[in-house]
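S.K.: The structure under discussion is supplied below as structure tokens; questions concerning it will follow.
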Amino acid sequence: MEKIFANKVAIVTGGSFGIGRATAIAFARRGAKVVIADWIEDKEGESLKQIKALGGEAIFIQCDVSKSIYVKAMVKKTISTFGSLDFAFNNAGVEGAAAPTHECSEENWDKTIGVNLKGEWLCMKYEIPEMLKQGKGAIVNCASIAGLVGFPGLPAYVASKHGVIGITRTAALEYAKQGIRINAVCPGVIKTPMIDRFTGKKKEAEKQFESQEPIGRMGLPEEVAEAVVWLCSDASSFVTGDAMAVDGGWIAQ
């Protein structure tokens, strides 16, 4: 694979599992140095292992994206280690507890909004100044098809993901003439630990999700990762402020 990101540096939050891990590896395959940020590192350190097996460079930083002290430190460590910041995939997120709107707890609301929405804003808050210094950069925020349509029983999650699209478009307009492109991806049903928590890994529940996808199956984390790296590449140089559905046709229904 061509090393189109050689000498570039990428941050991936939520990089220990699922879409985050797949994207961290996709950046590394293209030559980028990668910062894997997550609240926890998987026990086997699999993300780092796979990147190093490719001959890539990567570090792990523990980060709670809902708190500015962690996010600020994450970006500072990235710069002190690798010297620059070219790309960011702000992906860390939680699904929260399922409940109808009037039964959603304040605790669940605050945690879900704090990680999914405040967390992505904080990441941009500290990433953008570093990109402004070098006059260029690309950021991709992870929203969801739940940022494009409603889903009963997940009020906090749906609100957070709609908010991610809103701040993505706002920031894209603010920095469009300063060399920074900012987009979002909106994954559909992707085979990740988050979906496994919804289904309990039960085949019948998985089939129900698959039946709702026009393409007839769940997506793979690697398929979302390919969209992210494309949005960071020069191939998408005229794309900013977009909320790209990577959803097997879900919202086209």
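The values are calculated or read from the model by the stated rules, or taken from the named source; none is laboratory data. None of the values given here were measured: they were computed from a predicted structure. Glycine gets a Cβ as well: all are built from the backbone with ideal geometry, and neighbour counts include every protein chain shown.
S.K.: Give the residues of region 228-240 that are surrounded by fewer than 20 Cβ atoms within 10 Å (Cβ to Cβ) and touching a strand residue (DSSP E or B) at 6+ places or on another chain (Cβ under 7 Å), sorted by residue number.
M.R.: Correct list: Val239 only.
S.K.: Select from region 39-67 the residues that are surrounded by 16 or more Cβ atoms within 10 Å (Cβ to Cβ) and in contact with a helix residue (DSSP H, G or I) (Cβ under 7 Å, 6 or more places away or on another chain) and list them in ascending order.
M.R.: Ser47, Gln50, Ile51, Gly56, Ala58, Phe60, Ile61, Cys63, Asp64, Val65, Ser66
S.K.: Also, I was wondering about something else. List the helices (runs of 4 or more DSSP H) that sit entirely inside region 153-253 and contain at least 2 residues that are modelled with pLDDT of 95 or more and within 18 Å of the chain's Cα centre (by Cα). Lay out the reasoning, then the answer.
M.R.: Values: elements: 155-175, 193-199, 203-212, 221-232.
Ranges flagged: 155-175, 221-232.
S.K.: Could you grab me the full set of residues in region 148-207 that are hydroxyl-bearing (Ser, Thr, Tyr) and touching a Leu at 6+ places or on another chain (Cβ under 8 Å)? Show your work before the answer.
M.R.: Of all residues in region 148-207, those hydroxyl-bearing (Ser, Thr, Tyr) come to 157, 160, 168, 170, 175, 192, 199.
Scanning region 148-207 gives Ser160, Tyr175.
S.K.: Follow-up. Could you list, ordered by first residue, the pairs with Cβ atoms under 9 Å in which the first is in region 151-179 and without any contact (Cβ under 8 Å) to a residue 24 or more places away in the chain and farther than 20 Å from Phe198 by Cα and the second is β-branched (Val, Ile, Thr) and part of a helix (DSSP H, G or I), at least 6 apart or interchain?
M.R.: Listed pairs, sorted by first residue: Glu174/Ile128.
S.K.: Can you tell me which of (1) at pLDDT 95 or above; (2) over 20 Å from Thr23 (Cα atoms); (3) not aromatic (Phe, Trp, Tyr) is the one Ile145 doesn't meet?
M.R.: (2)
S.K.: If you don't mind, there's one more thing I want to ask. Can you list residue pairs whose Cβ atoms sit under 7 Å apart, with the first residue in region 105-120 being surrounded by 21 or more Cβ atoms within 10 Å (Cβ to Cβ) and the second being of a type in the set (A, V, I, L, M, F, W, C) and part of a helix (DSSP H, G or I)? Count only pairs 6 or more apart in sequence or on different chains.
M.R.: Pairs that qualify, where the first residue is surrounded by 21 or more Cβ atoms within 10 Å (Cβ to Cβ) and the partner is of a type in the set (A, V, I, L, M, F, W, C) and part of a helix (DSSP H, G or I), are Thr112/Ala156; Asn116/Val164; Leu117/Val164; Glu120/Val164; Glu120/Ile167.
S.K.: Moving to a separate point now. Hey, could you check region 18-28 for residues that are small (Gly, Ala, Ser) and either touching a helix residue (DSSP H, G or I) at 6+ places or on another chain (Cβ under 7 Å) or assigned to a loop (DSSP other than H, G, I, E, B) (or both) and say which is surrounded by the fewest Cβ atoms within 10 Å (Cβ to Cβ)? I'd like the intermediate steps shown before the answer.
M.R.: First, pick out the residues of region 18-28 that are small (Gly, Ala, Ser): 18, 20, 22, 24, 26, 28.
Add one more test, that the residue is either touching a helix residue (DSSP H, G or I) at 6+ places or on another chain (Cβ under 7 Å) or assigned to a loop (DSSP other than H, G, I, E, B) (or both), and what stays is 18, 22, 24, 26, 28.
Values: Gly18: 22, Ala22: 24, Ala24: 33, Ala26: 26, Ala28: 27.
By that ranking, first place goes to Gly18.
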